[in-house]
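A.B. asks: Before I ask anything, let me first share the structure, which is written out below as structure tokens.
The values are calculated or read from the model by the stated rules, or taken from the named source; none is laboratory data. As the structure is a prediction and not an experimental result, all values here were calculated from the model. Here the Cβ is made from the backbone with ideal geometry for all residues, glycine too, and neighbour counts use every protein chain on show.
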Amino acid sequence: MSRLYPFLFVFLWSTGFIGAKYGLPYAEPLSFLLTRYALVIGLMLAIALATRAPWPKDPRQWLHIGVSGVLVHAFYLGGVFTAIKHGLPAGVTALLVGMQPLLTATGAGFLLGEKVSRRQWGGLALGFVGVVLVVSGKFGEADLGTMLWPALVALLGITGGTLYQKRFCPKFDLRSGSVIQFVPTALLTGLVVFASDGYQVEWHGDFIFALGWLVLVLSIGAISLLNLLIRSGSAVNVASLFYLTPPTTALIAWAVFGEKLTLTAAVGMALAVGGVYLVARPAK
């Protein structure tokens with residue numbers, strides 16, 4: 001069963017872009033995320049208390065888990081949602097965030113002492129080429145300009161969060177740990193929301209559907225799988241899975257929204273899958 005976790009994670013994580021497309025027309029990005037975080041905290045706290053989940057005994061673990069949450073959630077999700085809301089095509093956003101495996105592989109050697117083989121570097125490069133091909137048709141859709149910075153914040157957030165969690169808090173209870181991760185994330189996001197344009201949400205049916213999907217499927221399902229993968233695998237192997245997000249998102253968008261899927265994108269998907277295989281394949 002655990003062998004299916006990476007594939008399930010990729011599918012669930014990829015639906016986040018679809019959820020954003022449904023919900024963002026009815027809310028400012030950080031207001032959307034603040035609502036999502038509050039619901040996740042309430043739900044996971046109830047589950048943790050009802051099941052008597054263990055809480056960290058060392059205050060430093062509380063700090064490390066909280067920092068990892070801020071990086072993975074506040075910076076990554078905040079950057080992605082802000083970029084898409086302000087016109088950066090989801091494909092371009094996915095490409096920029098898709099650089100994460102390369103940055104993670106570089107940082108893993110310095111920070112975690114993980115050895116990245118030539119085969120894995122080749123797989124990372126191949127996967128990146130595949131991602132570029134998948135989203136190559138999206139570049140003409142918007143004036144990039146200042147829209148790039150939120151996506152770059154997201155890239156640094158997910159990369160730093162993966163490395164930080166792998167080094168300082170790779171193992172924690174997923175029930176109580178989710179609460180510890182999302183509380184500082186919600187506090188930081190709330191400060192930014194109320195210091196800027198204030199809380200702006202229109203409770204439309206599409207927004208409610210997207211919110212429910214992102215809370216239950218992404219923030220609980222996908223994030224729990226990500227924490228399990230970080231716990232059991234190398235940072236490089238886990239990061240390489242993010243190469244599969246743009247191709248999977250493109251397939252879902254084709255099936256759900258009828259978005260065009262070109263031959264170039266199909267070739268890119270095959271290269272991305274091949275790259276991840278080279279990275280994750282056990283050494284002989």
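A.B. asks: Out of Gly157, Gly79, Gly137, Gly123, which single residue is part of a helix (DSSP H, G or I), under 22 Å from Thr15 (Cα atoms) and at pLDDT below 80?
C.D. replies: Working: Gly157 fails: at pLDDT below 80; Gly79 fails: at pLDDT below 80; Gly123 fails: under 22 Å from Thr15 (Cα atoms).
Just a single option satisfies the conditions, and that option is Gly137.
A.B. asks: I've got another one for you. Looking at (1) part of a helix (DSSP H, G or I); (2) modelled with pLDDT of 95 or more; (3) not acidic (Asp, Glu), which is the one condition that is false for Trp55?
C.D. replies: All conditions pass for Trp55, except number (1).
A.B. asks: Can you pull out every residue in segment 160-173 that is surrounded by 24 or more Cβ atoms within 10 Å (Cβ to Cβ) and in a loop (DSSP other than H, G, I, E, B)?
C.D. replies: Cys169, the sole residue that qualifies.
A.B. asks: How do the pairs read when you match residues in segment 173-199 that are more than 15 Å from Ile47 (Cα to Cα) with residues anywhere that are surrounded by fewer than 18 Cβ atoms within 10 Å (Cβ to Cβ), using Cβ under 8 Å and keeping only pairs 6 or more apart or on different chains?
C.D. replies: Ala186/Ala38; Val193/Tyr199
A.B. asks: Here's something else I'd like to know. For Leu187, only one of the following conditions fails: (1) at pLDDT 70 or above; (2) surrounded by fewer than 18 Cβ atoms within 10 Å (Cβ to Cβ); (3) hydrophobic (A, V, I, L, M, F, W, C); (4) within 20 Å of Phe242 (Cα to Cα). What is its number?
C.D. replies: The single condition Leu187 does not satisfy is (4).
A.B. asks: Is there any pair with a first residue in segment 207-227 that is under 22 Å from Phe172 (Cα atoms) and in contact (Cβ under 8 Å) with a residue 60 or more places away in the chain and a second that is of a type in the set (Lys, Arg) and in a helix (DSSP H, G or I) whose Cβ atoms are under 6 Å apart and which are 6 or more apart or on different chains, and what are they?
C.D. replies: These pairs meet every condition: Val215/Arg36.
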